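Everything below concerns the one structure shown next.
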Amino acid sequence: MIIAATLCGCSARQYALNRSADALAGSGSSFATDDDPELIRDAAPFSLKLMDSVLAETPTHVGLLTAAAKSYTQYAYVFVQQEGEVLEDTDVARAAARFDRARKFYARARDYALRGLEAAHPGISSALASKPLAQAPTSRAGAPRRLATPSNQA
């Protein structure tokens, strides 16, 4: 009886965590459509840390890993790196500190993205680590093919 109650408690807890992860994974659109950038700037750190906390309990939730990767990248660029760029001409030391902080956020975003890829495609991390170019699309000459972007399309 005690074991059954414990199992129900764990599954109810996991269900609640997964539902929270699902909700957080879909929360990025509300930030993107809000017309008050100052509010977003103030709220984003809480949202990022909440994602971190839920991911600590649901480490393979692909949707939340993807959302965290996107959110950390956006936060790093919009609120950290750009501030460093503004400071570059007037305060090099503070600009360098902002750039260093942005790099840390980008690294966290990359790690979440790689975890999401691994959760969705088990084994991809080791395949990419052992043969990174073997996985990339190649041109006829065998060189890695560049992704089409507006700047390199002719």
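The values are calculated or read from the model by the stated rules, or taken from the named source; none is laboratory data. Being a predicted model, the structure only gives us computed values, none of them experimental. Heads up, the Cβs are rebuilt from the backbone with ideal geometry, glycines too, and the neighbour counts pull from every protein chain shown.
Of a type outside the set (Val, Ile, Thr), surrounded by 12 or more Cβ atoms within 10 Å (Cβ to Cβ) and part of a helix (DSSP H, G or I), is that true of LEU39? Reasoning before the result, please.
Details: of a type outside the set (Val, Ile, Thr): yes; surrounded by 12 or more Cβ atoms within 10 Å (Cβ to Cβ): no; part of a helix (DSSP H, G or I): yes.
Taking the combined requirement at face value, the residue does not satisfy it.
So which of ALA25, ALA76 ends up being at pLDDT below 95 and surrounded by 17 or more Cβ atoms within 10 Å (Cβ to Cβ)? I'd like the intermediate steps shown before the answer.
Values: ALA76 fails: at pLDDT below 95.
Result: ALA25 is the single residue among ALA25, ALA76 that is at pLDDT below 95 and surrounded by 17 or more Cβ atoms within 10 Å (Cβ to Cβ).
Every residue, every condition in (1) of a type in the set (Gly, Ala, Ser); (2) within 16 Å of GLY26 (Cα to Cα), yes or no:
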residue: GLU57; (1), (2): no, no
residue: ALA68; (1), (2): yes, yes
residue: TYR72; (1), (2): no, yes
residue: ALA76; (1), (2): yes, no
residue: VAL80; (1), (2): no, no
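The requirement of being under 18 Å from SER47 (Cα atoms), of a type outside the set (Val, Ile, Thr) and surrounded by fewer than 18 Cβ atoms within 10 Å (Cβ to Cβ) is fulfilled nowhere in region 81-90; no residue meets it.
Evaluating GLY63 against the criteria (1) touching a Gly at 6+ places or on another chain (Cβ under 8 Å); (2) small (Gly, Ala, Ser); (3) at pLDDT below 90 leaves one unmet condition, (3). Within region 73-127, the residues that satisfy the criterion of being over 22 Å from LEU39 (Cβ atoms), of a type in the set (Ser, Thr, Tyr) and part of a helix (DSSP H, G or I) are TYR106, TYR112, SER125, SER126. With respect to being surrounded by fewer than 11 Cβ atoms within 10 Å (Cβ to Cβ), assigned to a helix (DSSP H, G or I) and at pLDDT 95 or above, ALA12 falls outside the description.
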